[in-house]
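The values are calculated or read from the model by the stated rules, or taken from the named source; none is laboratory data. Predicted model, so just to flag it, every value in this text is computed and none were measured. Counting neighbours? That spans all protein chains shown, and the Cβs are built from the backbone with ideal geometry, glycine included. These accessible areas exclude ligands, DNA and RNA; they are computed on the full protein's heavy atoms, side chains included. Shrake-Rupley method; radii C 1.70, N 1.55, O 1.52, S 1.80 Å.
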Amino acid sequence: MTHFITSPLEQFEVVPFLSVSAPIIGDFNLSLTNLGLYAIITVFLVVGLHIMGNNSYSLVPSAWSISLESAYASIHSMVREQIGSANEIYMPFIYSLFFFILIANLNGNVPYAFTITTSVMVSIGLSVFIFIGVTILGLYTHGLHFFAYFIPSGTPLGLVPLLVLIELISYFARSLSLGIRLFANMTAGHTLLKILSTFLTQLFTSSILVAVLTLIPFAIFVGLIGLEIAVSFIQAFVFTILACSYIKDAIELH
């Protein structure tokens, strides 16, 4: 029997695929969920994509190699512009982050697949770890002078407590803003597509006349799928460029 998802939000549920229990050692349970499975798939796709792009010392680059070199050049340019040419040490991290989010987003456009970036654990988890890493970087680079970041230059003494509180709230909001932006955009897009696909399925199966007339909204639906694919690229780019901006702030205390 074919299983149809009845709720547009059911596609975001984390459910176990494989589960191993060992009552003899207590309540031990080890499960592989759809979230874990597609996270593993995403990593393998990223690695496999770069293995395919390997020229193997060939003089003539393949199409995969040219595409990856173009992507590398674009991300390298972004890192140089955002963080500075003297801090290209962060290039591997930004490059890996971009491709992980991009492939994870694109995976979700496959029917009945699971989008791991619609999970709060993944999207906000990435955001929080980047925030912690950037804070440690700022403290390592500047020591106690890092806290001068929360006091804008030229601030009157009487306004220092208020402005420090505002700057602290703004700074700690970064730990959530990156992840919430990614989570909200991906969840909203997939929810809309699910609602529209369910509605169009009902129209196509009602009658021949209605099915023919449904071809017009179906064409719009196909266009929305293309837009969702574009959003997958845009959100990966926005996430990484903001991560670059946070790294730059930690290094230069802007």
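The figures follow:
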| item | result |
| --- | --- |
| Interchain or long-range residues, amide H under 5 Å from Ser31's placed H | Val20 |
| Listed values (i) 13.3; (ii) 14.5; (iii) 22.6, entry calculated as mean projected area of the Cα convex hull in nm² | (iii) |
| Residue-span extension gain [Tyr72 to Leu59] - 0.36 nm each, minus C-alpha spacing | 2.8 nm |
| Residue range of the chain that is longest and free of chymotrypsin sites (Phe, Trp or Tyr not before Pro) which are both DSSP loop and sparsely packed (at most 12 other C-beta within 10 Å) | 113-254 |
| Electrostatic dipole magnitude of the chain [Cβ: Lys, Arg +1; Asp, Glu -1; Cα centre; debye, to 20] | 160 |
| Selection from Ile216, Asn54, Phe237, by position along the positive dipole direction of the chain (Cβ) | Ile216 |
| Mean separation of Cα contacts under 8 Å (6+ apart) over length of region 180-254, as relative contact order % | 33 |
| Choice from Val122, Val79, Val47 showing the highest fluctuation, given a GNM over the chain with Cα pairs closer than 10 Å | Val47 |
| Helix-only mean residue ellipticity at 222 nm for the chain, each DSSP H run of n ≥ 4 adding -39500 (n - 2.57), per residue, nearest 500 | -23500 deg cm²/dmol |
| Where Arg80, Arg181 fall by accessible area, highest first, once all protein chains stay in place (1.4 Å) | Arg80, Arg181 |
| Mean Kyte hydropathy of 1.0 or more with a Cα span along the axis of at least 27 Å, helices from DSSP in the chain | 120-142, 160-204, 215-252 |
| Nearest-0.05 FRET efficiency for Ala86 and Ser153, computed from C-beta distance (R0 22 Å) | 0.40 |
| Residue-normalised accessible area of the chain, given per residue in Å² at a 1.4 Å probe | 60 |
| Whole-angstrom gap from region 179-254 to region 67-103, using each part's C-alpha centre | 24 |
| Choice from Gly125, Gly48, Gly154 showing the highest fluctuation, given a GNM over the chain with Cα pairs closer than 10 Å | Gly154 |
| Selected from Leu168, Leu196, Leu59 as most flexible by GNM, with the chain as the system and alpha-carbon contacts under 10 Å | Leu59 |
| Probe 1.4 Å - accessible area at Glu167, Å² to nearest ten | 50 |
